[in-house]
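Here the structure comes first, spelled out in structure tokens, and everything after it is commentary.
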DNA sequence: GTTTTTGGATAGTGCTACTATCCATAACGA
DNA sequence: TCGTTATGGATAGTAGCACTATCCAAAAAC
């Protein structure tokens, strides 16, 4: 197919497709002449994936590129590819002043990881996010929330077990990689949306129409 | 305190504080003369909250403003304030072409909400996100993942129950509002980070060193 | 009494994610 | 066959966001 059809079937404007080609998000089509290229179904699939990552999961274009590189690195172990994706989608956090609040948060995270028997590198990007978030929660007077970390961690393990169990049912290792990468990123969007719905429902029941200041 | 001290204690540059004042994120200090204002502890707390929302939860400045307005709307019921926050932190999704894939996803979401007995408005922002995400997952050939929606929903209810239970232990309704708003937004960051850690751990165990192409 | 800081206003910056324009060539439709 | 439309590739421009920088007269600090 030519670029116009790719655009029509994906809903992405032609100049945007050209931009993705320039940025290396989308592999070039096969040139049939100096100014004519042919695109395949895989280009359409790739384009849909790019749009899902950008629009739904809000991944920046530069990170999408890294994610897709991990996606395509068939020579690497799946674990390493997942590591690449994690690094790509975790924003760089500049570490706050290293006071005792942060040290306590770091200790809490270390203990959590140990208690749950998680095999993670101590400099994993999510560790920093976790420490900074707990530090912020405590600084905001929300120690209570930070104290429920273990319960959160347990609930979170359900997602992961579920996902990885689903994945191992696939036979083709490339299919597995695809599922894990997509599941990691779009799964987060899914979970966040479900969480908001559950919250709205509970809040409607507990805190809504019954409130004095309402209506 | 004056602006220099506010800057020093919060770690936010003076011009940035002025910018937040202009944008209405931070209430003005009390003017003691035409070009002199006094800031209180509450300004420092507010500034820390703003930074946590922007840096950790990646909430855009314009949305932070709406969140803080909900935060300060003491006249509204907590349920309505939560609704404001949800609308502020959910990006506008332009609806994809209304084909049968999307219709099926919409039906799936409707059934899920009904099955779980969730009391949510049918035009809640998270509903659209959910439908679009499921549509995208199916378009990407990840029907399996989309099929686990119920299990995801169940795990997600744990968070929410936990949070709301924790909240009702507070007596002061303003404290409750504060906890819910902060918990809603920073909780998501927390959950996402924990999920990445759990995933890294499981993937290290199942898919890591054992792989052929890995060292 | 001089140096520093302040609130307030305005303008400028760097980055991101596109859009727009141009051009020579190729494909299409009458 | 021939005028119109589409294409690949290059370059330049744009809109929005989140700050930064600069300036000023007046106040504070030393």
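A few remarks follow.
- Test for residue B:77: is it facing chain A (nearest Cβ under 9 Å), under 27 Å from residue B:124 (Cβ atoms) and away from DNA strand D (no atom under 13 Å from the Cβ): yes
- In the stretch B:52-73 there is at least one residue that is more than 13 Å from DNA strand D (Cβ to nearest atom), within 11 Å of chain A (Cβ to nearest Cβ) and either touching a strand residue (DSSP E or B) at 6+ places or on another chain (Cβ under 7 Å) or assigned to a loop (DSSP other than H, G, I, E, B) (or both).
Listed here are the residues, each with its yes/no results for (1) closer than 19 Å to residue A:175 by Cβ; (2) crowded, with 18+ Cβ neighbours inside 10 Å.
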{"position": "A:32", "(1), (2)": "no, no"}
{"position": "A:37", "(1), (2)": "no, no"}
{"position": "A:42", "(1), (2)": "yes, no"}
{"position": "A:46", "(1), (2)": "yes, yes"}
{"position": "A:52", "(1), (2)": "yes, yes"}
{"position": "A:59", "(1), (2)": "no, yes"}
{"position": "A:64", "(1), (2)": "no, yes"}
{"position": "A:71", "(1), (2)": "yes, yes"}
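- Only a single criterion out of (1) assigned to a helix (DSSP H, G or I); (2) more than 8 Å from every other protein chain (Cβ to nearest Cβ); (3) at pLDDT below 85 is not satisfied by residue A:146, namely (3).
- Hits in the stretch A:96-117 (condition: in contact (Cβ under 8 Å) with a residue 24 or more places away in the chain and either part of a helix (DSSP H, G or I) or surrounded by fewer than 12 Cβ atoms within 10 Å (Cβ to Cβ) (or both)): A:101, A:102, A:104, A:105, A:106, A:108, A:109, A:112, A:115, A:116
- The set of residues in the stretch A:163-175 being surrounded by 20 or more Cβ atoms within 10 Å (Cβ to Cβ) and more than 8 Å from chain B (Cβ to nearest Cβ) consists of A:167 alone.
- Of everything in the stretch A:9-30 that is near DNA strand D (Cβ under 9 Å from one of its atoms) and part of a helix (DSSP H, G or I), the residue that is surrounded by the most Cβ atoms within 10 Å (Cβ to Cβ) is A:17.
- Test for residue A:196: is it closer than 17 Å to residue B:190 by Cα, at the interface with chain B (Cβ under 7 Å from one of its Cβ atoms) and either touching a helix residue (DSSP H, G or I) at 6+ places or on another chain (Cβ under 6 Å) or at pLDDT below 85 (or both): yes
The values are calculated or read from the model by the stated rules, or taken from the named source; none is laboratory data. Please read all numbers here as calculations on a predicted model, not as lab measurements. Please note: Cβ atoms are built from the backbone with ideal geometry, for glycine as well, and neighbour counts cover all protein chains shown.
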